[in-house]
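Where a number appears in this text, it was derived from the coordinates with a stated rule and is not lab data. Everything numeric in this text was worked out from a predicted model, so none of it was measured. As a convention, Cβ positions derive from the backbone with ideal geometry for all residues, glycine included, and neighbour counts pool all protein chains shown.
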Ligand SMILES: *Cc1c(COP(=O)(O)O)cnc(C)c1O
């Protein structure tokens, strides 16, 4: 018999009871099992259709031989590679099990329950999970009509008790990005007691000459943390590696809080090799540019069915149809195409489509067309 615990206190605090879990993209293996098919495609998690960098793959195979050894807990070589890549001091680098962990680590390191944070509507949903788990309060600021982050409103939402301000640049799932002068305004005008977090997961994809990383403006502001990931253009979502750049004193606190072996040995080796594979990054960005053209042109051809999309420099497009995104998604699933419905983001008619290879984009467009027609 289980023990009665009627009078006991709830098993979790209220802020944990209220936590909505992050819902990842549906795995290919799951869909294929459910439908009894093979050859499905996944355009749901902004993964690189070219796979991992070959150098990273080889590095992982080599390190597999030594998998009985713990990883380098200090991640010495990994941090050195990141410092070289980003042209910062090695003391300013924090390693993470993907950048998601680094975002969590920021809240765990710098916040106490009740602290206030500022985010934008339709920004990366992980921020909400992280803020709720850390028992923060927050203001989510409306975007502009074109889904672009409203810089003025973000700055205006900061209060005396605001501790964190998260900006995804470019943003997921809208695909919009801020221009350099807007980034600078945030860094200059947000009161200096606030830790500004720039999440730059899609940095390498952006071709707009008016865009700039917040890393290029670090002299403007002390309390700035910039996060990057190996999950997108570097093709290593499954390996789990990311990094944050912060002033050395902040990086030191974050490193004390993080798990000692948070980036495993295979991921460290893969990340180091991926940073060294400029050719792969170039090819990935080029493939993404041409895939985006295919997808965007195909979407324009569906505009008479009410399909619209938000322009983007990333490896995904946010689209909207006149119908429930969930229903369109379900019909696409049955054709073996996994995209991402956006109801959880407060965009019930939207879907996010990762830019795949040309063939994948074309197959996705056919499935989308059928799915939209099926709603009429
Ligand atoms: C994909 C993504 C991340 C990266 O997550 P990882 O934990 O590094 O895989 C971070 N921020 C945004 C906005 C993303 O889209």
Open item on the list: Averaging the inverse of every distinct alpha carbon separation and then flipping it gives the Kirkwood radius. What is it for region 1-156, in angstrom units?
Closed with: 20.5
- [ ] Would you mind calculating the relative contact order of region 183-249 from Cα pairs under 8 angstrom and at least 6 residues apart, reporting the percent as a whole number?
- [x] 34
Open item on the list: Order 22-35, 113-126, 272-285 from most to least packed using the mean count of other Cβ atoms within 10 Å.
Closed with: 113-126, 272-285, 22-35
- [ ] With a ≥ b ≥ c taken as the square roots of the eigenvalues of the C-alpha gyration tensor of region 76-213, please select rounded if a/c is under 1.5 and otherwise prolate if a/b is larger than b/c or oblate if it is not?
- [x] oblate
Open item on the list: Please rank 159, 258, fewest neighbouring Cβ atoms within 10 Å first, as an exposure proxy.
Closed with: 159, 258
Open item on the list: Please arrange 154, 250 by how many other C-beta atoms lie within 10 Å of their C-beta, fewest to most.
Closed with: 250, 154
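May I ask you to derive the relative contact order of region 44-191, considering only C-alpha pairs under 8 Å and at least 6 residues apart, and to give it as an integer percent?
On the way: 148 pairs, mean separation 27.2, N = 148.
Relative contact order comes out at 18 percent.
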Task: Cα→Cβ-extended label distance, 7 Å offset, between residue 208 and residue 220, nm - done: 1.5
Task: Ordering of 364-370, 141-147, 347-353 by burial proxy (mean other Cβ atoms within 10 Å per residue, highest first) - done: 347-353, 364-370, 141-147
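Once you have a ≥ b ≥ c as the square roots of the Cα gyration tensor eigenvalues for the chain, tell me rounded if a/c is under 1.5, and otherwise prolate or oblate according to whether a/b is larger than b/c.
Numbers: a/c = 1.30, a/b = 1.21, b/c = 1.08.
Rounded shape, in that the Cα axes give a/c under 1.5.
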Open item on the list: Give me 14, 189 sorted ascending by neighbouring Cβ count inside 10 Å, so fewest comes first.
Closed with: 14, 189
Task: Relative contact order, percent, the chain [alpha-carbon distance under 8 Å, six or more residues apart] - done: 23
Open item on the list: Multiplying the sequence separation of residue 12 and residue 192 by 0.36 nm and subtracting their Cα-Cα distance, what value in nm do you get?
Closed with: 61.3 nm
- [ ] Evaluate the distance, in nm, between pseudo-label points positioned 7 Å from the Cα of residue 293 and of residue 58 along their respective Cα→Cβ axes.
- [x] 3.1
Open item on the list: Nearest 5 percent is fine: what portion of the DSSP beta bridges confined to the chain is antiparallel?
Closed with: 50
Open item on the list: Stokes-Einstein diffusion coefficient for region 169-254 at 10 °C in a medium of 1.306 mPa s, Rh from the Kirkwood formula over Cα pairs: what value in µm²/s?
Closed with: 116
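Helix-only mean residue ellipticity at 222 nm, the chain, DSSP H runs n ≥ 4 weighted -39,500 (n - 2.57), per residue, nearest 500. What is it?
Calculated at 222 nm, the ellipticity per residue is -11500 deg cm²/dmol.
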Open item on the list: I need the P(r) histogram for region 312-352: all alpha carbon pairs, bin width 5 Å from 0 out to the longest distance, whole percents.
Closed with: 6, 26, 31, 23, 12, 2
- [ ] Show me 176-187, 67-78 ranked by packing, highest mean number of other Cβ atoms within 10 Å first.
- [x] 176-187, 67-78
Open item on the list: List residues of region 337-351, by number, whose backbone nitrogen lies under 11 Å from a label position 7 Å along Cα→C-beta of residue 374.
Closed with: 337
